[in-house]
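Participant: Sharing a structure, written as structure tokens. Questions coming.
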Amino acid sequence: MRLPNPEKPSAQPGLLIILVVLALVITTVWYREGDRGPIHRLRTGVATVTAPVGAVGEYVTRPVRGLVSWASDLGVSRSQLETLRTQNNQLRARVSDLEEARLQNERLKGLVQFATASKIQSLGATVIGRPTNSWEGVITIDRGTDDNVKAGMPVVGPSGLLGQTVDVAAHSAKVRLITDPSSGVAAMLQTTRAEGIVKGSIEGKLTLDFVSTETTVRAGDVVITSGMGGVFPKGLIVGEVTKVSKTAADLYQHIELAPSGRVDTLEEVLVLIGATTSNTVGGGE
């Protein structure tokens, strides 16, 4: 019976041994020779020859690698985009809150300085309602009888007198402004001490009435409360003279004033709860 021929080995053991010995020899020569040895010079030459080929490959593949990077950025998930959008909205809201706090701090500085200088017990309040028509000068604040606010109490802003409380509820009060037609404030010129009555008007303008034509009055003169009548404490700024006119036949001068503060931009006020108040509210003193 004939036996099959055994399979011939696919690899020659002798060749493998030769390659291993050759690698050991090259490695030994590499470490023993200097930088100017033949193997080192051969390696440098090969690197010099292949460098241009590598540069060309880098230049050719750069657009492809850039495209792959751009495509990978498109893989940002919707949840990541929503997270970034939420964080952006939170940061914007935080910046808005900080700016509002800064502006409020600037507004309150004037009120704090006034309260400190006047030495009258006062209560801070926020404006929650403005005049509903052009002929009524009334605002609403968020303080009332539960805060010891009563009718007839003076109300001031950072620049001076605004008016006095009228209708007072538990948690709110209406303030009749000095520009209201039915308002009247006993006042005097700060320079000459000449006294008169500051009246409001439908147009929202102020006039200082009953000042003699013999009194010198100039535009820019400051008008303050005189303290007469016991409604408003003495020395509160009412406004500034803007126009003066008179004729030879007049007994009194016609004096127009600019109010001490703008109500349309007013947000915080002080109620002078420590000031002496009169039972008469709103009329001339």
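The values are calculated or read from the model by the stated rules, or taken from the named source; none is laboratory data. Since we're looking at a predicted model, the values are computed, not measured. Don't worry about glycine lacking a Cβ; one is built from the backbone with ideal geometry, like all the others, and counts go over all protein chains shown.
Participant: Among the residues of region 235-276, how many are closer than 16 Å to G160 by Cα, of a type in the set (V, I, T) and surrounded by 14 or more Cβ atoms within 10 Å (Cβ to Cβ)? It would help to see each step written out before you state the result.
Facilitator: Let us first name the residues in region 235-276 that are closer than 16 Å to G160 by Cα, namely 235-241, 257-273, 275.
Now drop any that are not of a type in the set (V, I, T), which leaves 237-238, 241, 263, 265, 269, 271, 273.
Checking which are surrounded by 14 or more Cβ atoms within 10 Å (Cβ to Cβ) leaves us with 237-238, 241, 263, 269, 271, 273.
Residues that pass the stated criteria total 7.
Participant: Quickly run through region 168-183 and pick out the residues that are closer than 21 Å to V238 by Cα and not aliphatic (A, V, I, L, M). Can you show your working first?
Facilitator: Quick first cut of region 168-183, residues closer than 21 Å to V238 by Cα only: 174-183.
Scanning region 168-183 gives K174, R176, T179, D180, P181, S182, S183.
Participant: Something else now. Of the conditions (1) touching a strand residue (DSSP E or B) at 6+ places or on another chain (Cβ under 6 Å); (2) more than 30 Å from K205 (Cβ to Cβ); (3) modelled with pLDDT under 75, L111 clears all except one; give me its number.
Facilitator: The failed condition is (2).
Participant: Residue pairs, Cβ under 6 Å, 6 or more apart or interchain, first in region 161-183 and closer than 13 Å to K199 by Cβ and free of Cβ contacts under 8 Å to residues at least 24 places away in the same chain, second crowded, with 22+ Cβ neighbours inside 10 Å and of a type in the set (A, V, I, L, M, F, W, C). List them.
Facilitator: Matching pairs, first to second residue: none at all.
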